[in-house]
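Chemist: The structure's right below; bear with me while I get my questions together.
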Amino acid sequence: MAGSSHCLVGLATGGASGDSAPQKQIYRCNRLAMNPCGGASSGREPKGRGRSLDGRGRARRSLKSVSVTAFGGAWAFVFSGNPVEGRRMMSRSVLGQSIKAWWRQLSLGVLLIAVGYVALFLALVVVPAQAQLRGRRWVESQQGRVGLTPDYRVEGGWYVASGCCPLPTRLVNTVGIDLFASVKHVELDCEEIYTLSGLRDFSRMEHLSINQFVHDASVFYALRGLPRLKTVTLSKWTGLTAQERDRISSSLSGVQVVSE
């Protein structure tokens with residue numbers, strides 16, 4: 001009202017004094033009527049200290065609400081008996097989103113580590129055990145025998161061996177003895193030997209005894225890839241000559257060939 005009365009007075013004096021621009025006074029009065037505080041009439045908030053304080057206040061309130069929500073959600077999730085409510089409160093906060101992202105990364109890392117350990121276990125334990133089982137079956141088909149270390153024996157429903165932990169019979173029957181013991185000694189008693197390729201599955205075999213006729217001395221070349229083989233015992237029933245025994249000894253470097 002004060003602005004309007006001032007405009008009316010200005011118009012009256014302007015007209016009386018012969019002012020040639022009454023339209024400028026009318027435009028000015030319209031601006032004052034729309035914005036009595038003297039600001040711009042564009043509808044925007046005036047720039048100044050009040051606006052910046054309001055922005056900082058809103059930021060403080062937002063941060064306070066986020067912190068209260070995150071702390072309350074963590075308290076409800078950890079210390080109270082309502083983890084569902086705590087999880088819901090934490091999911092609505094910035095801290096809750098960060099924790100969820102961190103948990104996803106941690107879960108992925110744990111999964112990759114678990115997969116690596118499983119692959120390592122399969123490579124170092126399961127695969128050699130399957131190969132040894134295949135070799136034992138071949139020896140049985142040749143009417144031979146194998147010696148296992150540790151030498152387990154069944155007592156009262158347990159597989160026991162000196163210096164080793166007892167194993168439940170059900171466990172050994174399920175996964176096989178090859179997972180817990182290694183073949184160290186092999187003895188072949190078949191009527192005639194044509195090949196020894198089945199012995200290459202015994203990566204830990206140290207001693208080999210042959211008590212029957214050997215068709216050809218070249219069959220011993222299959223033993224070259226056994227890293228732990230120490231001795232090969234040949235009985236008089238093998239039918240090998242002294243020259244053939246010497247050739248076997250020279251072909252198996254680091255292996256002692258014993259003749260009986």
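Chemist: Checking residue 235 against (1) touching a residue at least 24 places away in the same chain (Cβ under 8 Å); (2) closer than 23 Å to residue 122 by Cα; (3) out of contact with any strand residue (DSSP E or B) (no Cβ under 6 Å at 6 or more places or on another chain), only one condition comes out false. Which one?
Modeler: (2)
Chemist: Can you tell me which residue is surrounded by the most Cβ atoms within 10 Å (Cβ to Cβ) among those in the range 178-198 that are at pLDDT below 90 and of a type in the set (A, V, I, L, M)?
Modeler: 193
Chemist: Identify all residues within the range 236-247 that are among the β-branched types (Val, Ile, Thr) and either within 19 Å of residue 189 (Cβ to Cβ) or not assigned by TED's automatic domain parsing to the domain that holds residue 212 (or both); write none if there are none. First the steps, then the outcome.
Modeler: The initial filter retains those residues of the range 236-247 that are among the β-branched types (Val, Ile, Thr), namely 238, 241.
Passing the criteria: only 238.
Chemist: Then there's this: What is the one condition in (1) assigned to a helix (DSSP H, G or I); (2) over 24 Å from residue 134 (Cα atoms) that residue 240 does not satisfy?
Modeler: (1)
Chemist: Here's a follow-up. In this structure, does residue 171 turn out to be in the same structural domain as residue 208 (by TED's automatic domain parsing) and hydrophobic (A, V, I, L, M, F, W, C)? Steps first, please.
Modeler: Values: in the same structural domain as residue 208 (by TED's automatic domain parsing): yes; hydrophobic (A, V, I, L, M, F, W, C): yes.
Answer is yes for this residue.
Chemist: Which residue out of 145, 170 is closer than 30 Å to residue 213 by Cβ and modelled with pLDDT of 85 or more?
Modeler: On the way: 170 fails: closer than 30 Å to residue 213 by Cβ.
After ruling out the rest, the residue left standing is 145.
Chemist: Count, please, the residues in the range 135-162 that happen to be in a strand (DSSP E or B) and aromatic (Phe, Trp, Tyr). Explain how you work it out, then say what you get.
Modeler: If we filter the range 135-162 for residues that are in a strand (DSSP E or B), which is where we start, we get 145-149, 153-155, 158-160.
From what's left, aromatic (Phe, Trp, Tyr): 158-159.
The total comes to 2.
Chemist: Hey, another quick one. Output yes when any residue across the range 125-134 is among the basic types (Lys, Arg), within 24 Å of residue 233 (Cα to Cα), in a helix (DSSP H, G or I) and within 36 Å of the chain's Cα centre (by Cα), and no when none is. Walk me through it before giving the result.
Modeler: Residues of the range 125-134 among the basic types (Lys, Arg): 134.
Pick out the ones that are also within 24 Å of residue 233 (Cα to Cα) and you get 134.
Next, from what is left, pick out any that are in a helix (DSSP H, G or I): 134.
Retained after the next criterion (residues that are within 36 Å of the chain's Cα centre (by Cα)): 134.
Yes - at least one qualifying residue is present in the range 125-134.
Chemist: Could you check residue 216 against (1) surrounded by 15 or more Cβ atoms within 10 Å (Cβ to Cβ); (2) within 25 Å of residue 258 (Cβ to Cβ); (3) not β-branched (Val, Ile, Thr) and say which number it fails?
Modeler: (1)
Chemist: Keeping to the range 152-167, report how many residues are hydroxyl-bearing (Ser, Thr, Tyr) and farther than 12 Å from residue 181 by Cα. Even if it seems obvious, please write down each step before you answer.
Modeler: So in the range 152-167, the residues hydroxyl-bearing (Ser, Thr, Tyr) come out as 152, 159, 162.
When the remaining residues are screened for being farther than 12 Å from residue 181 by Cα, the result is 162.
Total satisfying the criteria: 1.
Chemist: Still on this structure, please answer the following. Name the residues in the range 187-218 that are in contact with a helix residue (DSSP H, G or I) (Cβ under 7 Å, 6 or more places away or on another chain) and either on the phi > 0 side of the Ramachandran plot or in a helix (DSSP H, G or I) (or both), would you?
Modeler: Across the range 187-218, the qualifying residues are 197, 198, 199, 200, 201, 217.
The values are calculated or read from the model by the stated rules, or taken from the named source; none is laboratory data. Please read all numbers here as calculations on a predicted model, not as lab measurements. Because the Cβ atoms are built from the backbone with ideal geometry, glycine has one as well, and the counts that use them run over all protein chains shown.
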